Amino acid sequence: GAVLLGHVHTDEFAIGVVTPQVANPWNPRYSPGGSSGGSAAAVAARFAPLSVGSDTGGSLRLPASACGVSTIKPTYGRVTSHGMIPLTWTRDHPGPIGHSLADASLLLGVLAGEETDDPVTAGGPGVPEGGYPLTPPAGATPLAGVRIGLPHGATDRLAPELRRLFDEFLATARALGAELVPVSMPHPPESLLAGDTAEMGAYHRQFADRIGEYRIDLALLVSAAVASLALPVADYFSLEQDRLRYQHQYNAMFRDHELDVIALPGALDDGCPRDAFAGLSVLSGVAGDVQWANYTGAPAVSFPVGRSAVTGLPFGVQLGALPWQESGLISVGLALQEALPVWREVPTVAPAAREL
């Protein structure tokens, strides 16, 4: 029943965190993030109430934080990627963006489920009857008994203003009854990058004779990706084993600390000028601690918790859970967003240059 309004822009081939052709609605001099920058900017600017993006290395969560909107990166296989141009097919996660987490949850209920053309979607439990949570849990302390893991070092690189906003978010979580638990997050093996590059090259090798047509800061990366197809297949399977071990370590962290969710900053930068992103990509550098959710395939949400007094730009937080635990994760996020309704703030958008 939805009315499709049109297409939005992404970073070229969804490779980077730039989306340079799109402005941040809160300040056009700043980037909306990427690679789903157009999706987040369109919702933030109120061009549309909902949008769809993808997340291979933070590409839903980083723009959501930068633009002050909400998003859900579902468990790998929860939403089909059939028909998408792949970046790395074992890490690509399509997902919804909305003003509020409830809006995104509503769209997730439509997008999620088994797809006959995508066998990966048959690997997990079915979509809950009635969809995903749309209203926060009731009560003065709706998060009583909820254990939120705080990874060591997660805020070390935050600017002072963003650290203040993150600390205020944690104080809100405590006030709602949550227990904050320090944890040590496992680190993704560096070897996984080689597998990412080979998967990327598998698609882009068809354009090997057109490297000069890529954006200049991505051409070298694409060339390296195509060349990486020389990686022996035995090495590739070894990298997949490294990732499986990492996934087990992530799950064990939840088990050992009896966690319900983990919490991390949604981004590490207090705004980035659009011309300062050159050279960054989802493989060589991301302005946030985001890859844990893509390598584990675990679900994550991001929603705004405040605006910087320095730049005036939004800042969000990420919550993550165990695979297939979207409902519980969204419920925790809804409780926090009810207490921090920052998503209701909207930017002032300049009038259209012409009448339609």
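The values are calculated or read from the model by the stated rules, or taken from the named source; none is laboratory data. This structure is a prediction, so every number in the text was calculated from the model and none was measured. We place every Cβ from the backbone using ideal geometry, glycine too, and count neighbours over all the protein chains shown. SASA here: full protein model, heavy atoms, side chains in, ligands and nucleic acids out. Shrake-Rupley method; radii C 1.70, N 1.55, O 1.52, S 1.80 Å.
Charges at C-beta only: +1 for Lys and Arg, -1 for Asp and Glu. How large is the resulting dipole of region 113-269 about its Cα centre, in Debye rounded to 20? Let's see the in-between values first.
Working: 11 positive and 23 negative charges, 87 e Å.
Around 420 debye, computed over region 113-269.
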Query raised in the report: Under 5 Å between amide H atoms, partner at least 5 residues away or on a different chain: which partners does GLY149 have, H built in plane at 1.01 Å?
Result: VAL181, ASP260, VAL261, ILE262, ALA263
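Taking region 43-108, which trypsin sites (Lys or Arg not before Pro) meet the DSSP loop condition and have no more than 10 other C-beta atoms within 10 Å? Provide the component values of the computation, followed by the final result.
Numbers: sites: ARG46, ARG61, ARG78, ARG91; in loops: ARG46, ARG78, ARG91.
Here no loop site has a sparse enough neighbourhood.
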Report summary line: Once phi for every residue in region 59-76 is put through the Karplus expression 6.51 cos²θ - 1.76 cosθ + 1.60 (θ = phi - 60°), the whole-Hz ³J(HN,Hα) values, with Gly and Pro written as x, are 6, 9, 6, 5, x, 4, 5, 5, 9, x, 10, 10, 8, 10, 8, x, 4, 4
Query raised in the report: How large is the dipole of the chain about the Cα centre if only Lys and Arg carry +1 and Asp and Glu carry -1, each at its Cβ, rounded to the nearest 20 debye?
Result: 620
Query raised in the report: Between ALA219 and ALA144, how many nm apart are label points set 7 Å from Cα along the C-beta direction?
Result: 6.3
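What helices does the chain have that are whole DSSP H segments, at least 27 Å long along their own axis by Cα, and with mean Kyte-Doolittle hydropathy of 0.5 or more?
Qualifying helices: none.
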Query raised in the report: Just from its helices, what would the mean residue ellipticity at 222 nm be for the chain, if runs of 4 or more DSSP H residues each count -39500 (n - 2.57) and the sum is divided by every residue, rounded to the nearest 500 deg cm²/dmol?
Result: -10000 deg cm²/dmol
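Could you state the accessible area per residue of the chain in Å², with a 1.4 Å probe and every protein chain left in place?
On the way: 15720 Å² over 356 residues.
Dividing the accessible area of the chain by its residue count gives 44 Å².
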Query raised in the report: So for region 70-219, taking the charge dipole from beta-carbon charges (+1 Lys/Arg, -1 Asp/Glu), which of THR80, LEU162, ILE97 sits furthest toward the positive end?
Result: LEU162
